[in-house]
Structures are given as C-alpha cells and as structure tokens.
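What follows draws every value from the coordinates through simple rules; no lab data is involved. Keep in mind that what you see is a predicted model, and the values were worked out from it rather than measured. All Cβ positions, even for glycine, are placed from backbone atoms using ideal geometry, and neighbour counts span all protein chains on display.
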Amino acid sequence: METGIFQELRDVIIKADRDQALNKVASAVEGGVDPTLLVTEGLGAAMTELGRLWDEGATFLPEVLASAELFKECMAVIEPYQLARGTKTEPLGRVVMGTVHGDLHDLGKNIVTIMLRTAGFEVIDLGKNVPIETFVRQVEELKPDILGLSALLTTTLIKQKETIQALREAGVRQRVMVMIGGAPATEAWAGEIGADAYAANAPDAVERAKKLVSTLKGGQ
Ligand code: B12
C-alpha cells in the first residue's frame with residue numbers, strides 16, 4: 001500500500017537508517033511507486049518533520065546531518081526514474097538555480113531542481129553558497145529565462161535582494177525572471193525586493209515557473 005511506504009520512508013530517513021532507507025527507495029521505484037510522491041511525501045516530508053523535531057530541541061546537528069546525507073543518496077536513486085517520466089521534447093525554458101552565499105542548505109533547492117527538470121525545464125544547478133557575482137555571470141553567459149534563488153537562513157535572505165540589485169547594476173535584470181524561495185522567504189518579501197515570483201514548495205515552483213515563461217513568451 002502506497003501511503004504505508006511514505007510513512008516507512010519518513011521514519012527511516014529521520015532515524016538515518018541508511019540500509020533500510022536505500023532498500024525501501026529502491027524497491028519502491030522498481031515496484032512502480034510514483035517517484036515524485038516519494039520525493040514530496042517521503043523525503044521532503046521527513047525533512048519537514050525533522051525541522052519540527054529540531055525546533056522542539058528533540059534532535060541534534062549530527063542526526064540532522066546524517067538524515068540530510070541520506071536524503072541525497074535516496075534522491076540519487078529516485079532521480080533517474082523521475083526524469084524518465086519527464087518530457088523529452090524541447091525544454092519549457094532554462095533555469096539557473098542556486099542557494100545564496102553563506103547558506104549551505106540545499107535539500108529544498110534540490111527538490112525544486114528535480115521537479116522543474118521533471119516538468120520539462122532545463123535546470124543549471126549552481127549548488128549552494130553561491131557568490132552574487134557567480135549568479136550575475138551565469139545570467140550573462142547562459143541567458144536563462146529564470147533565476148532561482150534559495151535561502152534558508154534569515155541572515156542570508158538579504159542575499160536575494162542583493163543579487164537582484166547586482167543584476168540591475170550589471171544591466172541584466174530585465175533579461176531574466178527572478179523566482180525566490182526557502183523557508184524564511186515570503187510573497188511579501190518577493191514584492192519588497194522586486195522578485196518576479198515566490199513559491200512555497202516545489203510543485204508551486206513548477207507552476208510559477210510555467211507562468212513566468214508564458215509571460216516571457218507572450219512578449220512582456
Ligand atoms: C537540514 C537542516 C540543516 C542541514 C542542511 C543540510 C543540507 N544539505 O541542506 C545542516 C545540518 C547542514 C544545517 C546547518 C545549519 N542550520 Co539548518 N536546518 C535544517 C532543517 C532541519 C531542515 C531544512 C530542510 O532541508 N527542510 C526540508 C526542505 C525540503 O524544505 P525547504 O528547504 O524549506 O525547501 C522547500 C521550500 O522552502 C521551497 N524552496 C526551497 N528553495 C527554493 C528555491 C526556489 C527558487 C523556490 C521557488 C522554492 C524553494 O521548496 C522546497 C521544497 O518544497 C531546518 C529546520 C526547518 N524548520 O526548516 C534547519 C534551519 C534552516 N537551520 C538553521 C540553522 C540555524 C542552521 C545552522 C546555523 C546551525 C549551526 N548552528 O551550525 C547551520 C547553518 C549552515 C549554513 N551556513 O547554512 C535554522 C535557521 C534559523 C534562521 N531563522 O535563520 C533552522 C530553521 C532550524 C532552527 N529552527 O533553528 N541545517
């Protein structure tokens with residue numbers, strides 16, 4: 001039963017039980033469980049739950065790190081199955097994505113990246129802790145339709161604003177749609193810093209990205 005596997009997967013990710021998690025993921029994808037649901041209901045939900053435990057002081061950094069590493073290993077198993085379900089036609093658009101400078105959180109960004117790829121976008125993932133100049137240079141060189149900026153710390157949120165400012169200063173702001181996300185980001189923050197879109201989660205990010213691209217194609 002599918003809902004059972006998501007709960008089981010959440011439990012073993014939270015416990016960072018590597019063997020169990022990798023076995024469960026492999027047998028689920030081979031058994032035809034929807035890979036996107038495994039990512040959102042299994043892996044993503046486990047990290048959200050871990051976040052709640054962290055807030056309560058019921059888990060500690062080494063445990064979170066172990067779960068985060070395992071999350072990545074599981075994603076690597078799921079990704080080929082997810083991509084195989086995606087479209088193989090002309091990409092919907094090009095996205096450059098990264099976590100802002102000073103911020104090492106990349107699990108959420110990775111989920112957004114893979115979901116955008118599955119939806120048919122070409123995504124160039126710059127990784128985490130990405131300097132502002134790198135974002136600007138990649139926008140100049142790769143000419144993406146969308147720049148995605150992830151930030152998980154209240155102290156690094158400001159980098160989203162500074163990146164948009166730097167794009168303006170480099171004269172390339174009008175060339176790209178900027179989409180922001182990450183736990184402390186909000187719709188209001190997006191408006192305040194002049195971003196084109198905010199999304200709270202990966203499915204929302206896909207919807208927003210599709211709208212941004214259709215606005216671009218509509219000749220805005
Ligand atoms: C896992 C984790 C870590 C891991 C990160 C591993 C990794 N590779 O990412 C480790 C252990 C390394 C870590 C380190 C730290 N962490 Co930490 N971490 C977390 C935790 C528990 C979960 C974050 C997570 O992965 N969530 C699950 C994913 C799926 O959700 P998400 O990231 O929000 O992403 C979703 C959306 O936000 C959105 N999204 C994300 N990015 C983007 C981008 C775009 C463009 C769009 C559209 C959407 C989008 O879609 C995603 C999918 O749905 C949170 C707790 C929490 N409540 O969030 C703390 C948390 C973020 N960490 C925190 C802190 C303080 C730290 C440390 C400073 C701890 C320390 N003392 O060293 C360091 C900072 C290191 C650094 N410089 O970045 C605080 C931040 C507090 C604050 N207000 O700033 C939190 C909130 C915990 C807390 N309550 O104190 N952390």
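For the reader, a short list of remarks on this structure follows.
- Structure remark: mean-square fluctuation, Gaussian network model of the chain, C-alpha springs under 10 Å; the largest value among Q165, Q174, Q20 belongs to Q174.
- Once the chain from D19 to E90 is taken as fully extended at 0.36 nm per residue, the excess over their C-alpha distance is 21.7 nm.
- With Cα atoms, 0 to 90° folded angle of helix 107-119 axis to the chain main axis: 80
- Protection-proxy order for peptides 120-127, 50-57, each taking the mean of Cβ atoms within 10 Å per residue, highest first: 120-127, 50-57
- Volume per residue of the C-alpha convex hull in the chain, rounded to whole Å³: 119
- Against the chain, whose longest principal axis is taken from its Cα atoms, helix 61-85 shows a tilt of about 80°.
- ³J(HN,Hα), Karplus 6.51/-1.76/1.60, whole Hz, each residue of the range 17-24, x for Gly, Pro: 8, 4, 4, 4, 5, 5, 5, 5
- Lysine pair count for the chain (Cα-Cα distance under 16 Å; residues 8 or more apart in sequence or on different chains): 9.
- For the range 1-85, a Kirkwood hydrodynamic radius built from all Cα pairs, placed in the Stokes-Einstein relation at 4 °C and 1.567 mPa s, yields a translational diffusion coefficient of 102 µm²/s.
- 0 to 90° range, to nearest 10: angle between helix 202-217 axis and the chain longest Cα axis: 30
- Net charge, A170 excluded, C-beta distance under 14 Å - Lys, Arg +1, Asp, Glu -1: 0
- Between W54 and A188, the contour length at 0.36 nm per residue exceeds the alpha carbon distance by 45.6 nm.
- Electrostatic bookkeeping for K210 treats Lys and Arg as +1 and Asp and Glu as -1; over the other residues with beta carbon under 15 Å from its beta carbon, the sum is -1.
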